[in-house]
Amino acid sequence: MTILNAAVIGPGGRARSHLPIIRLLSDKYRLVAVCDVDEDRAKAVAVETGAKAYTDLNNMLDKEKLDVCLIATQAESHHVIAQVLSERKVNIITETPIALTLPCIDEMIKAARENDVLLEVSENARRWPHERLKRKIVESGLIGDVREFYLSYTSGSYHGMSAIRAILGTEAQSVVSEFPDEDDAKERAAIEWSNGISGKYECNRSRGNYWEIIGTKGAIRRNELHLYAEDRKLEIITETVGEDSKKTVKRAYIQTEPEVAWESHLQAYALPAADNVSVADAWCSLYDGVVYGKQLDYPGANARKDVELLLAIRESASEGGKRIALPLTEVTGHEKLIHTEFEKVYGVDMLGLSLQHLKQKYTLPGSLKNILYHGRKTDH
């Protein structure tokens with residue numbers, strides 16, 4: 001079997017969930033290098049994994065023959081690194097969000113396309129076994145025709161957008177939203193979906209990460225199936241097999257008649273938790289794309305839609321609740337604000353960032369971080 005050489009750029013934080021998965025997928029990948037501006041961190045991870053440590057991306061690319069790189073740096077830097085990797089003909093798997101504005105995302109997608117490399121996005125939420133099952137429940141007709149949904153997501157709302165899009169199997173058409181003057185809710189939107197579906201989104205601290213899908217015959221609320229006619233509540237069950245170090249997710253299922261189930265195609269690997277399955281699935285998707293020419297499970301163009309929907313929501317709120325149609329046809333005022341505020345702080349627009357800029361360690365100021373990730377300056 002072909003073994004691909006992989007590297008990790010930004011091996012702290014989110015990358016920590018990828019490192020053991022890369023090691024586990026040893027029939028597909030060999031981790032040969034890690035790169036970080038923090039030399040101590042790079043060296044520590046190199047010792048831990050047996051990879052080589054680098055602090056300069058171009059130096060790593062000059063010395064290592066790489067097939068795949070994980071981008072796990074802060075999101076505002078993703079497009080810069082993706083451009084370099086694409087030009088060096090290195091396939092990409094990137095952490096989420098893919099980037100913070102559509103112009104930055106479009107640079108990534110264009111660079112990958114023009115250089116004939118693949119761009120996979122490691123979005124976990126839609127890949128969780130119980131979320132894969134929810135799509136199958138909807139497809140089975142158990143809840144009838146979908147009419148409504150509710151979504152609250154507080155730890156990166158693009159994850160929630162991805163999960164809802166996957167379950168519904170269709171796309172949003174327009175949004176009307178607000179930044180409410182409430183302690184718990186940072187943002188709220190009414191979303192009109194295709195097929196006559198309507199929904200409500202909130203970033204609501206009191207609800208946390210929660211969503212429900214409401215149909216004419218039943219509903220999915222968190223991880224329960226509610227069937228109206230029978231007045232039944234059935235738990236979505238995630239089944240594991242094996243013990244200790246060999247434990248892995250086998251499937252997710254619901255005890256209906258007939259049973260509806262999603263079977264894991266990764267049972268050969270020890271993946272005991274939902275996030276383990278999701279991360280491994282992203283890496284396997286990219287492997288199959290590189291080695292066998294298969295279509296990616298979640299390419300850049302799909303992840304773009306998650307961010308696009310969130311940007312539309314924040315544009316509507318910034319414009320006093322103006323209805324915003326999707327897909328977006330021009331750069332929004334909210335995106336312009338992101339780029340302007342970033343330049344005020346760092347003296348360069350995000351689209352003007354280079355690897356030289358990224359060699360500097362930095363921490364986003366609170367007000368800028370709130371604009372980038374929550375849509376407004378104040379963390380209300």
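The values are calculated or read from the model by the stated rules, or taken from the named source; none is laboratory data. Just so we're clear, the structure is a prediction, and the values are computed from it rather than from any experiment. We place every Cβ from the backbone using ideal geometry, glycine too, and count neighbours over all the protein chains shown. We work out accessible area using only protein heavy atoms, side chains counted, and drop any ligands, DNA or RNA first. Shrake-Rupley method; radii C 1.70, N 1.55, O 1.52, S 1.80 Å.
Divide the volume of the convex hull of the Cα atoms of the range 1-109 by its number of residues and quote the answer in cubic angstrom per residue. Present the calculation step by step, with values, prior to reporting the outcome.
Numbers: hull volume 10.0 nm³, N = 109.
Cα convex hull per residue, to the nearest whole number: 92 Å³.
Taking the structure as given and computing semi-axes √(5λ) of the Cα gyration tensor in Å, which label from (1) 33, 29, 17; (2) 52, 21, 17; (3) 66, 25, 18 fits? Matching entry in (1) 33, 29, 17; (2) 52, 21, 17; (3) 66, 25, 18: (1).
Return the percentage of antiparallel bridges among DSSP beta bridges fully within the chain, rounded to the nearest 5 %. Show your work: numbers first, answer last.
On the way: 41 of 66 bridges.
If I count the DSSP bridges inside the chain, around 60 percent turn out antiparallel.
Whole number in Å², please: accessible area per residue of the range 1-61, 1.4 Å probe, ligands, DNA and RNA not counted. Numbers along the way, then the final one.
Working: 2680 Å² over 61 residues.
About 44 Å² of surface per residue is accessible.
Over all distinct Cα-Cα pairs of the range 287-376, the Kirkwood formula returns a hydrodynamic radius of 15.5 Å.
Protein heavy-atom surface of the range 11-101, 1.4 angstrom probe: 46% of the accessible area is carbon and sulfur, with nucleic acids and ligands not counted. Candidate cross-link partners of LYS63 among the lysines, defined by an alpha-carbon separation under 16 Å and a same-chain spacing of 8 or more, comprise LYS52, LYS89.
Determine the share of the range 324-380's accessible area contributed by carbon and sulfur atoms, expressed in whole percent, with a 1.4 angstrom probe. Write down the numbers at each step before the final one.
Values: 1730 of 3230 Å².
Exposed carbon and sulfur together represent 53 percent of the surface.
Ignoring everything except DSSP H segments at least 4 long, calculate the 222 nm mean residue ellipticity for the chain; use -39,500 (n - 2.57) per segment, divide by total residues, nearest 500. It would help to have the intermediate numbers written out before the result.
On the way: 12 runs with 136 residues, N = 380.
That calculation yields -11000 deg cm²/dmol at 222 nm.
For the chain, modelled as a GNM whose springs connect Cα atoms under 10 angstrom apart, the maximal fluctuation among TYR228, TYR292, TYR29 occurs at TYR292. Measuring only protein heavy atoms, the 1.4 Å probe finds ASP145 accessible over about 90 Å².
If you run the Gaussian network model on the chain, springs between alpha carbon atoms under 10 Å, then out of ARG14, ARG207, ARG232 the most flexible one is ARG232. Which of the residue pairs LYS136/LYS247; LYS134/LYS322; LYS136/LYS186; LYS65/LYS110; LYS233/LYS377 have a Cα-Cα distance greater than 30 Å in the structure shown? The pairs that break the limit, which is 30 Å between Cα atoms, are LYS134/LYS322; LYS136/LYS186; LYS233/LYS377.
Ordered by 1.4 Å accessible area with all protein chains kept, TYR373, TYR253 run largest first as TYR373, TYR253.
Given a 1.4 Å probe, how much area per residue of the range 255-347 is accessible, in Å²?
On the way: 4320 Å² over 93 residues.
Result: 46 Å² of accessible area for each residue.
Which loop-located trypsin sites (Lys or Arg not before Pro) does the range 23-105 contain, where loop means any DSSP state but H, G, I, E or B and the Cβ has at most 10 other Cβ atoms within 10 Å?
Numbers: sites: ARG23, LYS28, ARG30, ARG41, LYS43, LYS52, LYS63, LYS65, ARG88, LYS89; in loops: LYS28, LYS65, ARG88, LYS89.
Hits after loop and neighbour filter: LYS65.
Evaluating kT/(6 pi eta Rh) at 10 °C and 1.306 mPa s, with the Kirkwood radius of the range 330-380 over Cα pairs in the Stokes-Einstein relation, gives 136 µm² s⁻¹. Roughly how many whole Å is it from the C-alpha centroid of the range 195-216 to that of the range 1-37? A separation of 35 Å, based on Cα centres.
Quick one: work out the % antiparallel among DSSP beta bridges in the range 135-205, nearest 5. Around 70 percent antiparallel, to the nearest 5.
Atom-type composition of the exposed protein surface of the range 112-198 places 38 percent of the accessible area on carbon and sulfur (1.4 angstrom probe).
Taken about its Cα centre, the chain carries a charge dipole of about 420 debye when Lys and Arg each add +1 at the Cβ and Asp and Glu each add -1 at the Cβ. Measuring only protein heavy atoms, the 1.4 Å probe finds TRP262 accessible over about 40 Å².
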